[in-house]
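Data first, discussion second: the structure below is written as structure tokens.
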There are 2 protein chains.
Amino acid sequence: MKVVLLAGGVGGARFTRGLRDLGRAEDLGLDLTVVVNTGDDLWLDALRVCPDLDTVMYTLGGVIGEQGWGRADESSRVTAELHAYGLGWDWFTLGDLDLGTHLARTELLRSGLPLSAVTARLCERWRPGATLLPMSDDEVETWVEVEADGDVTTIHFEEWWVRHRAALPARRFVQRGVAGARPAPGVLEAVAEADLVLLPPSNPVVSIGTILGVPGIRDAVRGAAAPVVGVSPIIGGAPVRGMADACLTAIGVETAARTVAEHYGARSAGGMLDGWLVDDTDAADVHAIREAGIEARALPLLMSDQAATAAIARAALDLGRELAASRTRR
Amino acid sequence: MKVVLLAGGVGGARFTRGLRDLGRAEDLGLDLTVVVNTGDDLWLDALRVCPDLDTVMYTLGGVIGEQGWGRADESSRVTAELHAYGLGWDWFTLGDLDLGTHLARTELLRSGLPLSAVTARLCERWRPGATLLPMSDDEVETWVEVEADGDVTTIHFEEWWVRHRAALPARRFVQRGVAGARPAPGVLEAVAEADLVLLPPSNPVVSIGTILGVPGIRDAVRGAAAPVVGVSPIIGGAPVRGMADACLTAIGVETAARTVAEHYGARSAGGMLDGWLVDDTDAADVHAIREAGIEARALPLLMSDQAATAAIARAALDLGRELAASRTRR
């Protein structure tokens with residue numbers, strides 16, 4: 001069964017790992033392709049850093065740090081040196097092991113390889129059990145228009161997210177380079193050939209929203225033969241992790257499982273969702289979501305451990321199969 | 001007393017440290033400027049690496065590794081990562097702390113600063129007690145024409161030196177970029193204003209020879225008002241350290257204290273040496289060197305410890321003072 005996931009960082013990575021492990025444990029024959037957001041990428045100290053690609057790669061490779069990003073067993077001797085020179089960004093830590101990845105990536109990029117080929121090369125080491133594709137080989141960088149002390153300025157997404165913990169009110173997000181970006185090789189094909197397209201519990205604005213913003217990808221998902229099933233990143237009116245509420249507010253969407261589903265929209269109404277999983281906390285919204293043309297299910301959505309994550313992955317697969325079967329019947 | 005040194009890596013760094021420490025201990029009021037060879041510099045994994053500048057900076061900063069290069073208390077976690085990705089050069093180790101310097105340098109270079117300004121910025125941290133100047137802000141890279149398996153190929157100097165331990169016979173050295181290189185800001189001025197110019201026991205071909213190859217520097221040294229005194233890097237027909245013999249052979253110069261002095265030449269005969277210190281082992285050559293127009297002294301030249309190095313530095317200063325006095329008398 002060919003499954004395509006559109007993923008951001010931590011939430012997308014953990015969900016994908018759970019799905020992969022479920023598939024292995026039950027011999028489901030899953031063939032996973034993860035289209036990863038690269039809108040958070042940045043040049044830092046002459047190095048190309050791809051936060052979401054690395055989070056997905058490290059998580060699937062079994063070397064993710066406990067905090068959900070970076071490497072386990074990490075140190076920061078190099079960053080300490082940069083700081084001793086009065087350089088480096090004090091709000092962005094580059095661990096030594098992680099730095100090995102950034103150096104390797106930068107070297108390969110400078111040798112002329114596109115990011116998709118570089119990603120494939122790096123993944124030879126980590127054997128993620130899934131094909132990782134950047135959404136695009138072209139550089140897209142998310143910048144955030146914020147108000148600070150009465151002035152409007154624009155800062156890199158990572159500065160807003162990591163340094164300011166998304167606490168500066170965002171007026172809007174600007175995806176620099178997105179209009180001219182092309183989907184990376186294999187992205188449109190994977191979506192077209194998929195048996196199921198999944199939107200894991202990633203940020204609907206700056207992760208999945210950015211992927212869908214690459215010209216061609218939104219249309220590919222809308223036109224996919226496979227059902228499209230999403231997992232709500234919002235539980236009880238708050239993001240499970242991260243600061244998706246600040247992003248949703250900036251684009252005028254209420255932070256709720258139902259409103260995010262409506263934001264994606266039902267495929268029958270020109271949107272992209274066939275199915276949507278919400279947490280038990282939001283079970284009361286199931287009816288309204290169905291009314292909007294999206295089949296919904298309520299279940300525990302906290303990915304608190306392997307078993308919980310496997311249960312969510314199973315529910316997404318089951319809903320996808322049901323939707324495909326009902327479509328065939330029609 | 002203004003002293004200018006033209007230095008390569010380990011030998012130049014240790015001699016300069018000895019001179020600086022002597023000056024401090026005896027309150028000699030030395031004002032040291034070290035013009036450092038940058039012909040060994042290279043781009044490695046997207047980073048600009050300057051082996052000699054770093055060796056001089058770390059040595060004077062008190063953080064040099066025991067082996068004479070790199071940092072003390074070093075680790076290599078980042079390099080291990082690069083190797084795990086099948087990348088990096090297995091014969092060139094970039095330690096983690098050292099890497100901090102390369103990253104800092106590369107970032108500053110990419111921000112638009114010339115190497116001389118970058119060097120000054122890095123030295124703010126290490127307080128070397130001397131002004132470090134790269135020979136040039138322009139990139140000069142030494143390549144070596146070697147014969148291997150009957151074929152003639154050209155490899156970067158560091159590959160020849162570090163990987164092959166200079167064991168592949170060198171046919172010639174090519175200093176790429178040297179013809180168009182300009183002396184870094186301050187180099188010609190320092191030589192012109194010096195009270196003494198010293199050639200420490202650095203490689204006469206690929207360290208001091210490269211510095212002198214930058215258009216303008218050789219003429220500045222030849223025309224300096226100050227005496228020029230060198231310390232032989234050859235003791236008893238062999239280099240004290242490193243593989244200068246392989247370099248001398250390539251340019252057709254016998255590996256001996258006397259022949260290296262003759263290679264530099266007497267200033268009275270259009271060369272650049274006024275004085276030359278040889279080891280006691282080579283005391284028999286003193287007469288011949290004087291006959292060639294270069295004042296020579298024999299003394300122990302092994303920089304085996306601080307006291308030994310201080311004695312050599314003192315002898316160089318003394319010879320310089322004598323030469324200056326005798327010149328004034330003339």
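The values are calculated or read from the model by the stated rules, or taken from the named source; none is laboratory data. All values reported here derive from a predicted model rather than from experimental measurement. Positions of Cβ are generated from backbone atoms using ideal geometry, with glycine treated the same way; all protein chains shown enter the neighbour counts. Surface areas here come from the heavy atoms of the whole protein model, side chains and all, with no ligands, DNA or RNA. Shrake-Rupley method; radii C 1.70, N 1.55, O 1.52, S 1.80 Å.
Report, by residue number, each residue of segment B:91-144 that is closer than 27 Å to B:Pro215 by Cα and among the aromatic types (Phe, Trp, Tyr).
B:Trp143
Scan segment B:10-39 and report the pairs whose first residue is touching a residue at least 12 places away in the same chain (Cβ under 8 Å) and whose second residue is open to solvent by 10 Å² or more (accessible area, probe 1.4 Å) and of a type in the set (Phe, Trp, Tyr), with Cβ atoms within less than 8 Å and a gap of 6+ or a chain change.
Sorted first by the residue in segment B:10-39, then by its partner, the pairs are B:Val10/B:Trp69.
Just checking, which of A:Glu159, A:Glu139, A:Glu145 is away from chain B (no Cβ under 14 Å), charged (D, E, K, R) and under 12 Å from A:Val49 (Cα atoms)?
On the way: A:Glu159 fails: under 12 Å from A:Val49 (Cα atoms); A:Glu145 fails: under 12 Å from A:Val49 (Cα atoms).
Unique residue meeting the criteria: A:Glu139.
Checking the condition free of Cβ contacts under 8 Å to residues at least 24 places away in the same chain, of a type outside the set (Phe, Trp, Tyr) and more than 30 Å from B:Val146 (Cβ to Cβ), which residue from B:Ala313, B:Ala284 passes?
B:Ala284
Given the structure, is A:Gly112 within 29 Å of A:Asp305 (Cα to Cα) and free of Cβ contacts under 8 Å to residues at least 60 places away in the same chain?
Details: within 29 Å of A:Asp305 (Cα to Cα): no; free of Cβ contacts under 8 Å to residues at least 60 places away in the same chain: yes.
So A:Gly112 does not fit the description; no.
Kindly indicate whether A:Val253 is out of contact with any Gly (no Cβ under 7 Å at 6 or more places or on another chain), within 29 Å of A:Val162 (Cα to Cα) and not in a loop (DSSP other than H, G, I, E, B).
Details: out of contact with any Gly (no Cβ under 7 Å at 6 or more places or on another chain): yes; within 29 Å of A:Val162 (Cα to Cα): yes; not in a loop (DSSP other than H, G, I, E, B): no.
Criteria not met by A:Val253.
Please count how many residues of segment B:101-118 are within 25 Å of B:Asp73 (Cβ to Cβ) and more than 12 Å from chain A (Cβ to nearest Cβ). Even if it seems obvious, please write down each step before you answer.
Going through segment B:101-118, the residues within 25 Å of B:Asp73 (Cβ to Cβ) turn out to be B:101-108, B:118.
Next cut, more than 12 Å from chain A (Cβ to nearest Cβ) only: none.
So the answer is 0.
Conditions tested, residue by residue: (1) under 30 Å from B:Val63 (Cα atoms); (2) touching a helix residue (DSSP H, G or I) at 6+ places or on another chain (Cβ under 8 Å); (3) assigned by TED's automatic domain parsing to the domain that holds A:Val10.
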| site | (1), (2), (3) |
| --- | --- |
| A:Val63 | no, yes, no |
| A:Glu66 | no, no, no |
| A:Arg71 | yes, yes, no |
| A:Glu74 | yes, yes, no |
| A:Val78 | yes, yes, no |
| A:Gly95 | yes, yes, no |
| A:Gly100 | yes, yes, no |
| A:Ala120 | no, no, no |
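Do we find that B:Glu295 is surrounded by 15 or more Cβ atoms within 10 Å (Cβ to Cβ), in contact with a Gly (Cβ under 6 Å, 6 or more places away or on another chain) and in the same structural domain as B:Val221 (by TED's automatic domain parsing) in this structure? Lay out the reasoning, then the answer.
On the way: surrounded by 15 or more Cβ atoms within 10 Å (Cβ to Cβ): yes; in contact with a Gly (Cβ under 6 Å, 6 or more places away or on another chain): yes; in the same structural domain as B:Val221 (by TED's automatic domain parsing): yes.
Yes.
For the structure I just gave you, tell me whether A:Asp27 is at pLDDT below 95, farther than 28 Å from A:Ala184 by Cβ and surrounded by fewer than 17 Cβ atoms within 10 Å (Cβ to Cβ).
On the way: at pLDDT below 95: no; farther than 28 Å from A:Ala184 by Cβ: yes; surrounded by fewer than 17 Cβ atoms within 10 Å (Cβ to Cβ): yes.
So A:Asp27 fails the test.
Restricted to segment B:64-82, and to residues that are surrounded by 16 or more Cβ atoms within 10 Å (Cβ to Cβ), in a loop (DSSP other than H, G, I, E, B) and not polar (S, T, N, Q), which residue is farthest from the other protein chains (Cβ to nearest Cβ)?
Applying the filter and picking the extreme gives B:Gly68.
Do any strands (runs of 3 or more DSSP E) lying entirely in segment A:109-187 carry at least 1 residues that are surrounded by fewer than 21 Cβ atoms within 10 Å (Cβ to Cβ) and touching a Lys or Arg at 6+ places or on another chain (Cβ under 8 Å), and which ones are they? Please lay out each step first, then the result.
Values: elements: A:131-134, A:141-148, A:151-156, A:170-176.
Hits in segment A:109-187: A:141-148, A:151-156.
Quick check on my filter: what residues within segment A:85-100 are over 22 Å from A:Ile155 (Cβ atoms) and either of a type in the set (D, E, K, R) or more than 7 Å from every other protein chain (Cβ to nearest Cβ) (or both)? Spell out how you get there, then give the answer.
In the first step, residues of segment A:85-100 are kept if they are over 22 Å from A:Ile155 (Cβ atoms); the result is A:85, A:95-100.
Residues satisfying the conditions are A:Gly95, A:Asp96, A:Asp98.
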